[in-house]
Structures are given as structure tokens and as C-alpha cells.
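Chemist: Got a structure for you, written out below as C-alpha cells; questions coming shortly.
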Amino acid sequence: MGIKRLLKSCTALTLLLVLLPWGQASARPFDELMASGFVRIAVYKDFPPYSFINDAGEPAGVDVEIARLIADEMGLELDLFWMLPDEDLSDDLRNYLWRGHVLDHEHKHERLSGKKVADVMLRVPYDKDFNYMRGYIGEGVYAYQNDLVVMMSPYQRETWKLAHDTQRLEQVRTLAVFQYHPIGVEMETVPAFMLTSVFNGNLRKNVRHFRSPEQAFLAMTEGEVAAAMGMRGELEWLLNQHSDERFKMGDTTFPAMGKPHWDIGIAVREADRQLGYLVEGILEPLVLNGELQEIYQRYGLTYEKPAFFDF
Amino acid sequence: MKLGHGKYFAVSALFAAMTLGMHAQAAVTDKDILQDHLTTDRIVTDGMGLQKQRFSPLTKLNKDNVKDLRPVWAFSFGGEKQRGQEAQPIVVDGVMYVSASYSRVFAVDARTGEELWEYNARLPDGIMPCCDVINRGVGVYDNLVIFGTLDARLVALDKDTGRVVWRKTVADYQEGYSITAAPLIVNGKVITGVAGGEFGVIGKVEAYDAKTGNLLWTRPTVEGHMGYVYEDGKQVEKGITGGEAGKTWPGDLWKTGGAATWLGGTYDPDTNLLFFGTGNPAPWNSHLRPGDNLYSSSRLALNPDTGEIVWSFQTTPNDGWDYDGVNEVIPFDYKEGNKTIKAVATADRNGFFYVLNREDGRFIRGFPFVDKITWASGLDKNGRPIFVPENRPGNPAKTDGPQGATVTTAPSFLGGKNWMPMAYSQETGLFYVPSNEWEMDIWNEDVAYRKGAAYLGAGFTIRPIHDDYIGVLRAIDPKTGKEVWRHNNYAPLWGGVMTTKSNLVFTGNPEGYLMAFDAKTGEMLYRFNTGSGIVGTPVTWEMDGEQYVSVVSGWGGAVPLWGGEVAQRVSNFNQGGSVFTFKLPKAYE
């Protein structure tokens, strides 16, 4: 691949430039990463269609494919690091990127903490407000909360959608129909909050909570609910898996939703920006030349470019 | 000493067994457990008695000689696993059984501090303990040492070898469950609750046969869920908790309602009742679940044979502040005129101290035990809080802009008192309550994400109310609500309290000191620095005619994990992981 070769020569040049004026220390982690022969990329566990183990027992999903592309282009082996999500993104960044998990107490890894961390984390929202969010730490000081990582390289735009059972609801124009029909939703998510609070809580009695979007979707196929709400990618995947004309994606919009769409990118440690730029250099052409879209299409997913590329 | 030298261990265990005297081979019986609060040469329960008054009848150590208390041995948990150590040691026939962080158990010669065996639970990847990887102690029964693990199992070990005798899964750790509390063992049954974060868990109390680990009954703590008993291996319905679903919860939120029973319980032989507290309801946003949300943030009295709920008392209905209602319920009797009142007392996270009739749960009285409470203006005649609506955290669904209005509330969600057990003195009639003076700011945030999805988060910070102290050890009169004395502590208190008939009160602080106070005046009579913060609970017992005191040292737990000014205040405390054991020098006998 042309890009790959170009990147490799770029990398060598960059390395040389960096090494000369600043000495070995600052370039060392990147140098060592390249020399180690592998790149460790973190993806969420059991998270179809983004990252999961398929029926053949192989790692699969959009993010797994992207991870493979990155490793390939870097000329390194891919070491997939499966993440279990904690309560929020800050926890995941801490557990899998900058400090390591509290339970990893064997201290066998090269970081000062001795804990296993990834070089690159995928499916991280690209949101500078979050990256540089400040929290009060006392004595009038508001300190950065996520300043040990840097969010880079947005590669996809995500949004909320609703799938419905056409035998029960031919169309879903507004959420008002859920005063009369039950709707399934993953618990502790924005759709769950929104559905239980809009219209002064009038939908509350018809909202069914499930542990996963898949369970909400299955409840729809089994007739327990008339619709299911979740992330577009997850619902499209479930609709494809189920392939029954009876269940369709709605084109409902959700005016009451705090954040109707958001961009997904990568995160690296603040000190590893150089690696981040390298990955950005790999992903950006794939966004622009449609290769990424092909990957999404292979999984039956809509691909929407992040706002970053609106120019 | 390291594991793996099998022979050496066998020999040292044998040697220990030979030197232990009469009790050496005696198994722990139901009677031993029921009598634990009266016996002085053993500690076979967490709480120094099933009622968990943590009151010792011992008097050798007293106000005059406690200043001469000396450490006789220290034992390190070793490894690089130094996290919060919140256990209370158990002592049976010269052997101490104590648990440590990361679900470890150690058997130690109580005379010398030499290790006899250790057990390290093999924990799976991906467990999600909310508040440090702590363990709060073991139970003993027959020849077994029984404890709960971070992956929500009960494990029974042979007390002489540390080998696993039985192991049972109480709940699925992959769904967010774990166990950190010491199991309660009553009449051959191991009674346990479960811990769980905000992952939609359902609290429950369960009983297992102590000898076999077979499940005997299970009782969910959220309205609408069926309880069961197991007869000859068959599951038999035993009634729905709260009668039916949907009475105090909207929609189907009862299915994922929370109310985790993470701190374990107490037992009162007099009324034959178990007492368990329950955690906060889910989801955290109280505006989405109008109603009382039973039985979250409540105290429950259960039938120990069937698990049926005999009575309940809810301290924080429609909890919107994360005021878990798990704190221990301590049975005690007091006189009113000529009448003996059979009561229980509990000091809630929400800042109120409650005295209830332990036979029927009726509210007798309640009063603040911290200086500042802003979420409620008081309690009504039934003990129900009188809410201050403007101090309820806002509805995230109604947030305009990236951050909603900030609400400041006292106490903070870590509570006027958290998990750390208080003690009751039969001598003074006072409760000794380890409490904290702190408040919190809560606001809604729409710049939050979870597993690749946008999320409505809540931001919070915990602040000390005073510059010079957070922790307050208080002596509280349950009959009047009066604070008889107090001792202020710079760092928040996070360790339990123990008291003796000779009017001593023992506790530890995050600064590392084991401290002894005069139970009547609060004068500090003794302190010794153990080198790391104390967040465990001291015990005392008698051995070879001498009175011993032991406490686990090892800074950690929930406090250092939370941000804000409180984390700053404790950021210089060093970690550790050891047991310290004290007695008077022989010359003083």
C-alpha cells in the first residue's frame, strides 16, 4: 500500500528530527513501541457491531478491523486489549490507558505503575470539552480531570435511533405514541433518562429497562415492547442480525435529547502524541477515500463522517 | 514466610496446634457464637457478639494502665497489594484469622504473629469493585473459616490448613455484584448480602448451610421480587418482597432497583431477628423514580429461618443523595422507668441517629448526630424525613447548558457515618459513633460518556465543613440524643470502634494511630502510630491470663478514591497492610 510506505518513510524522518535536537529520552517510548514489534489497541469487550468475538470465535467488528488496519500500516503485530466498561469514560481512560486497572496487581508491565495499559484506545468520544474538563479540587482551584490523555483522530459520528415493530406501530413520528405503547431501552442511558422524564414523566409507565440494547431489541421481536431505542450502530446491527421486514429503523428525531450526536475517535497518553499523529495519519485518508465506509457497510452499518471533516 | 514451603507450614501449624492448650482442636459451635459477647478468650464473630455491640467484658486493661500498652507483634500482609484494610480480626484458640485486601485470608499465631497459612482468592479479570478492593472480615464455624470475595462468592476454608472446603457463587460478578462484608453465622447458617455498583443490581439477603454451602433461602430487597426457600434442593416460593411490584416504583424500575445489602447484618437472639440495611435505589436520578422506592435506603428485620421480612424502616425515601441505608443496626436494651425497652439503634449516612423498637420496627426517636444536615429539616413523628426540596440534586433531564445548577448538601454522600461500626457500652449506656462533618456539591453534567455513548453524568465534590477537622468520634446518649463528649480528628474517620467494661473506647484514624479514650469523658489516654492509616476495627481478648488488643492497619477504602478537598487532605497518608497486636508488659500484672 502506498500510504503505508509513505508513512513509514515519514516516520523515520520524524524520528530522526525528534531524536536529534531533544535527545533520546523524549522519543524513547515511541521508539520502543516501534521496536517492540507490537501495538496494543484497546477495544470494548462484547460490544457488537464494534468489537466482539464472532460465531467462529474470532475477534470481529468495526473497531477490531480498524485496529488491524492501524497495526498493519505500522508494520506491527496487533495486541488486542479487551476493555470492560466502568461507570464512565474517565474510568476507562484511567483503567486502560494511563494508569491501569486496580486489579492488575502483578506489576509485570513496563509502565511505572507496573500495570498493563494500551497504546491506543478506540471508540473514545472526540470531545475537547471533555478532554479539558475541569473539576473543583478545593481552595478555589478547578483542575483538569482528563489531562493525562489526548483525544484525537475522530473517525465516526454516532447518534441515537429508534427501531420499531411495524405491526404495532407503522410509523413513529413523535415519542407521544409511547403513552400508549411500551418501549424498550438499555438502563442508565440517555434514552432511558429521556424517555422516563419527557412529557412530565407520562411515558414512564411504558418504559421497559433492559441490561443491554440486545435484550431490549429481543423484547421487541418477542412482542413485549413495540419499539427499542439505542445507538444507531447497535440497532442497525440487531436489525441485520434479525433480518425481518417487520422491524424497521424509525426516522424519529429526539428534540429533548441533551446531545443528539457525537463523534468517536481515539485516545492516547498525552506523552504519546507522536503515536497519535501517526494513527491520525493512517485513519484520515481512510475516512476521506471511503475505505472506512466500506468496513461499516460490511457490517451493515450506516457510516457518517465526523463533524471534523465538514469542510 | 512465603507460601509454597508446604512442609514447613505443616510443621508450624502442627506446632501451633500442640501449643494451644485445651481448646486446640475444639470446633466453633452455634453456642460459642451466641455467647461470643460474654466470652473473653475468643472472638468468633465480627462485632464481638452477634448483636455487634463491640463491648468487651474485660477489665484488666483500664484507664490507669492503658498508657503502658505495648505492641507485642506486627504481621505484614505482604505483597504489593497494599490497599485499604477494613477487617476485624477473629481469634480462636490462639490463632488469629484475618482477611486483607484483594480477598485474602491469613491465619496467624496470636502469640507470636507467625503466619500459619494464607489463602489468596483467584479473582477473575474485570470485576468492578466500586470502592477499593477491601474485605471486612471472616466468620468461623465448626472447623471452617468463611468469607466473601470480590467476585461475589462465599468460600469456606479449613481452619487448620487454609484449604477450600466449599465455595459457592452468591451472585454473578459480571453483572456488577461483589461481596466485601464479613458473613454473619447464625444457628448453622451463613447469612450474607451482596454489594453492587450502579449497574442495575438487586440487593438480596441469602442463607447458606454453613457446613455444606447449600443455599437455604434468598430474599430480594426490592419490592416486586420473589423470595424463595430451598427444601430438599427444591425451590419453593416464599412470597414477593413488599407484596407486589409497582407500589412505590414507577414503570419497571423495580426490576433494576438497587438496594444492595453490602454491609452485612446483625442478629438478635432475644427476638430471633436478623437486621440488614439496604443501599440507595437506582437510577441515581431521583426525579425519574417518584415514590418511596422500597426497600431502598432502609433497615429490614428478617426471619432467620425463611428470610421473610418481619418489619422495615426506611431512613431516606426516594433517596436522591446516595445516602445508602446500610449502616449496622445494633440491638440494645434500656430502662424507661421500670420498663425495659427492647430497642435497636442505627446511625445513618443521612446524618440522623434512629432508635427503633426491635420487635416491630416502630420509630421511638431520632435526632441528628452530626452538626450540619441540610437535605431535611428534621424527622416527623414516624421518623420520616421532612425534605428541603431546594437541596435535592436537580433533574438532569431539565438541565440547560452543559452544567445544571449546583446543589450543596450536608452530609456528603459518604455520610455522617459510613460503614465503620459504632460500639455500645452496657456500662455507660452510650453509643460511640465514628462520624464525619463534610458536605458535597452536586451538579448535572451533559459532557459525559459511557462505553462510547453520550451520557448524563453527575459531577460532585466533597468538602470538609471545618478547616481543622472532618472526623468526630462522638459519645451519644440514645435516650436523649445528647452528645456527651466528642473528639475531633483532622482526617475523616473510617475505622470502627470497640469499648470495654473498664470504660475504655478504642478506635483508629487515617493518620495511623490506634487510640484509647476514657468512655465517660472522651479524654485520650493512649495512642500508638501503626505506620499506615487505620480503617479497620480493633478487638480485645484474653490469652494466657493477659488482655490483648489487635487492630489492622492499612490506609485505603472509599475516601482516597473521591476527589475534592477531602482527597487533598488525605493524599499524604501512606499505604500499608498489617496487623498490630498489643498487651501490657508482664511487670504490670
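Chemist: Applying the selection to the range B:538-559, what residues are touching an Asp or Glu at 6+ places or on another chain (Cβ under 8 Å) and either part of a strand (DSSP E or B) or farther than 19 Å from residue B:68 by Cβ (or both)?
Modeler: Across the range B:538-559, the qualifying residues are B:541, B:542, B:543, B:546, B:548, B:552, B:556, B:557, B:558.
Chemist: Only one of A:105, A:164 is over 23 Å from the mean Cα position of the chain (by Cα), assigned to a strand (DSSP E or B) and either facing chain B (nearest Cβ under 9 Å) or in contact (Cβ under 8 Å) with a residue 60 or more places away in the chain (or both). Can you tell me which?
Modeler: A:164
Chemist: Also: So, in the range A:109-146, of the ones that are within 22 Å of residue A:259 (Cβ to Cβ), assigned to a loop (DSSP other than H, G, I, E, B) and more than 9 Å from chain B (Cβ to nearest Cβ), which residue ends up modelled with the highest pLDDT?
Modeler: Going through the qualifying residues, I end up with A:126.
Yes or no, residue by residue, for (1) among the acidic types (Asp, Glu); (2) not in a loop (DSSP other than H, G, I, E, B):
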{"site": "B:67", "(1), (2)": "no, yes"}
{"site": "B:74", "(1), (2)": "no, yes"}
{"site": "B:86", "(1), (2)": "yes, no"}
{"site": "B:96", "(1), (2)": "no, yes"}
{"site": "B:99", "(1), (2)": "no, yes"}
{"site": "B:108", "(1), (2)": "no, yes"}
{"site": "B:113", "(1), (2)": "no, no"}
{"site": "B:119", "(1), (2)": "no, yes"}
{"site": "B:124", "(1), (2)": "no, no"}
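Chemist: What number of residues within the range A:221-268 are away from chain B (no Cβ under 14 Å), buried (at least 19 other Cβ atoms within 10 Å of the Cβ) and in a helix (DSSP H, G or I)?
Modeler: The number of residues fulfilling the criteria is 2.
Chemist: Would you mind telling me which numbered condition in (1) within 29 Å of residue B:456 (Cα to Cα); (2) modelled with pLDDT of 95 or more; (3) surrounded by fewer than 16 Cβ atoms within 10 Å (Cβ to Cβ) residue A:296 fails?
Modeler: (3) is the only condition that residue A:296 fails.
Chemist: A follow-up question, please. Inspect all residues belonging to the range B:334-357 and state whether any of them is outside any loop (DSSP other than H, G, I, E, B) and more than 18 Å from residue B:478 (Cβ to Cβ).
Modeler: no
Chemist: Would you pick out the residues in the range B:305-328 that are crowded, with 23+ Cβ neighbours inside 10 Å, part of a loop (DSSP other than H, G, I, E, B) and not acidic (Asp, Glu)?
Modeler: Correct list: B:307, B:315, B:316, B:320, B:321, B:323, B:326, B:327.
Chemist: Looking only at the range B:447-491, count how many residues are part of a loop (DSSP other than H, G, I, E, B), in contact (Cβ under 8 Å) with a residue 24 or more places away in the chain and within 14 Å of chain A (Cβ to nearest Cβ).
Modeler: Number of matching residues: 3.
Chemist: Only one of (1) within 12 Å of chain B (Cβ to nearest Cβ); (2) modelled with pLDDT of 95 or more is not met by residue A:218, so which one is it?
Modeler: Among (1) within 12 Å of chain B (Cβ to nearest Cβ); (2) modelled with pLDDT of 95 or more, the lone unmet condition for residue A:218 is (1).
Chemist: Can you name every residue in the range B:53-93 that is more than 24 Å from the chain's Cα centre (by Cα), closer than 16 Å to residue B:538 by Cβ and either modelled with pLDDT under 95 or among the β-branched types (Val, Ile, Thr) (or both)?
Modeler: Answer for the range B:53-93, where residues must be more than 24 Å from the chain's Cα centre (by Cα), closer than 16 Å to residue B:538 by Cβ and either modelled with pLDDT under 95 or among the β-branched types (Val, Ile, Thr) (or both): B:66, B:72.
Chemist: Right, next: Residues in the range A:274-283: is at least one within 14 Å of another protein chain (Cβ to nearest Cβ) and not hydroxyl-bearing (Ser, Thr, Tyr)?
Modeler: Looking for residues that are within 14 Å of another protein chain (Cβ to nearest Cβ) and not hydroxyl-bearing (Ser, Thr, Tyr), one finds none in the range A:274-283, hence no.
Chemist: Tally time: how many residues in the range B:542-589 are crowded, with 22+ Cβ neighbours inside 10 Å, hydrophobic (A, V, I, L, M, F, W, C) and in contact with a strand residue (DSSP E or B) (Cβ under 7 Å, 6 or more places away or on another chain)?
Modeler: 7
Chemist: Condition check: within 30 Å of residue A:186 (Cβ to Cβ) and either in contact with a Lys or Arg (Cβ under 9 Å, 6 or more places away or on another chain) or not in a strand (DSSP E or B) (or both). Does residue B:361 satisfy that?
Modeler: Considered against the rule, which asks whether it is within 30 Å of residue A:186 (Cβ to Cβ) and either in contact with a Lys or Arg (Cβ under 9 Å, 6 or more places away or on another chain) or not in a strand (DSSP E or B) (or both), residue B:361 comes out as no.
Conditions tested, residue by residue: (1) closer than 16 Å to residue A:301 by Cα; (2) touching a Lys or Arg at 6+ places or on another chain (Cβ under 9 Å).
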site: A:211; (1), (2): no, no
site: A:219; (1), (2): no, yes
site: A:235; (1), (2): yes, yes
site: A:238; (1), (2): yes, no
site: A:280; (1), (2): no, no
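Chemist: Filter the range B:250-260 for residues that are touching a strand residue (DSSP E or B) at 6+ places or on another chain (Cβ under 8 Å), of a type outside the set (Ser, Thr, Tyr) and either within 14 Å of another protein chain (Cβ to nearest Cβ) or not in a loop (DSSP other than H, G, I, E, B) (or both) and give the result.
Modeler: Start the filter on the range B:250-260 by keeping residues that are touching a strand residue (DSSP E or B) at 6+ places or on another chain (Cβ under 8 Å), which leaves B:251-253, B:255-260.
Restricting the remaining residues to those that are of a type outside the set (Ser, Thr, Tyr) gives B:251-253, B:255, B:257-260.
Scanning the range B:250-260 gives B:251, B:252, B:253, B:255, B:257, B:258.
Chemist: Ok, one more. So, of the residues in the range A:29-45 that are crowded, with 20+ Cβ neighbours inside 10 Å and assigned to a strand (DSSP E or B), which turns out to be farthest from the chain's Cα centre (by Cα)?
Modeler: Selected residue: A:39.
Chemist: Given the condition out of contact with any Ser or Thr (no Cβ under 9 Å at 6 or more places or on another chain) and at the interface with another protein chain (Cβ under 10 Å from one of its Cβ atoms), answer yes or no: does some residue in the range A:61-84 qualify?
Modeler: yes
Chemist: Let me ask something additional. Consider residue B:477 carefully, then state whether it is charged (D, E, K, R) and either crowded, with 24+ Cβ neighbours inside 10 Å or at pLDDT below 95 (or both).
Modeler: no
Chemist: When you scan the range A:269-285, do you find a residue that is surrounded by fewer than 17 Cβ atoms within 10 Å (Cβ to Cβ), touching a Phe, Trp or Tyr at 6+ places or on another chain (Cβ under 8 Å), part of a helix (DSSP H, G or I) and at pLDDT 95 or above, even just one?
Modeler: Taking every residue of the range A:269-285 in turn, none turns out to be surrounded by fewer than 17 Cβ atoms within 10 Å (Cβ to Cβ), touching a Phe, Trp or Tyr at 6+ places or on another chain (Cβ under 8 Å), part of a helix (DSSP H, G or I) and at pLDDT 95 or above.
A quick yes/no check of all residues on (1) crowded, with 24+ Cβ neighbours inside 10 Å; (2) under 30 Å from residue A:194 (Cα atoms); (3) touching a strand residue (DSSP E or B) at 6+ places or on another chain (Cβ under 9 Å):
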| residue | (1), (2), (3) |
| --- | --- |
| B:268 | no, no, yes |
| B:271 | no, no, yes |
| B:277 | yes, no, yes |
| B:287 | no, yes, no |
| B:291 | no, yes, no |
| B:297 | yes, yes, yes |
| B:303 | no, no, yes |
| B:332 | no, no, yes |
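Chemist: Here's something else I'd like to know. Just wondering, is there one or more residues in the range B:139-150 that are within 14 Å of chain A (Cβ to nearest Cβ) and either under 16 Å from the mean Cα position of the chain (by Cα) or of a type outside the set (Phe, Trp, Tyr) (or both)?
Modeler: Step one: of the range B:139-150, the residues within 14 Å of chain A (Cβ to nearest Cβ) are B:149-150.
If we keep only those that are either under 16 Å from the mean Cα position of the chain (by Cα) or of a type outside the set (Phe, Trp, Tyr) (or both) too, we end up with B:149-150.
Yes, the conditions are met somewhere in the range B:139-150.
Chemist: While we're on this one: Among the residues of the range A:196-214, how many are under 30 Å from the mean Cα position of the chain (by Cα), surrounded by fewer than 19 Cβ atoms within 10 Å (Cβ to Cβ) and within 7 Å of chain B (Cβ to nearest Cβ)?
Modeler: 1
Chemist: Of the residues that sit in the range A:93-148 and are β-branched (Val, Ile, Thr) and over 25 Å from residue B:132 (Cα atoms), which one is surrounded by the most Cβ atoms within 10 Å (Cβ to Cβ)?
Modeler: Filtering the range A:93-148 for residues β-branched (Val, Ile, Thr) gives A:102, A:117, A:120, A:124, A:137, A:141.
If we keep only those that are over 25 Å from residue B:132 (Cα atoms) as well, we get A:120, A:124, A:141.
On the way: A:120: 29, A:124: 27, A:141: 11.
Looking at residues that are β-branched (Val, Ile, Thr) and over 25 Å from residue B:132 (Cα atoms), I get A:120.
Chemist: Sticking with this structure for a sec: Go through (1) under 17 Å from residue B:392 (Cα atoms); (2) more than 14 Å from chain A (Cβ to nearest Cβ) one by one and return the number of the condition residue B:287 breaks.
Modeler: (2)
The values are calculated or read from the model by the stated rules, or taken from the named source; none is laboratory data. The structure displayed is predicted, hence computed values, not measured ones. Because the Cβ atoms are built from the backbone with ideal geometry, glycine has one as well, and the counts that use them run over all protein chains shown.
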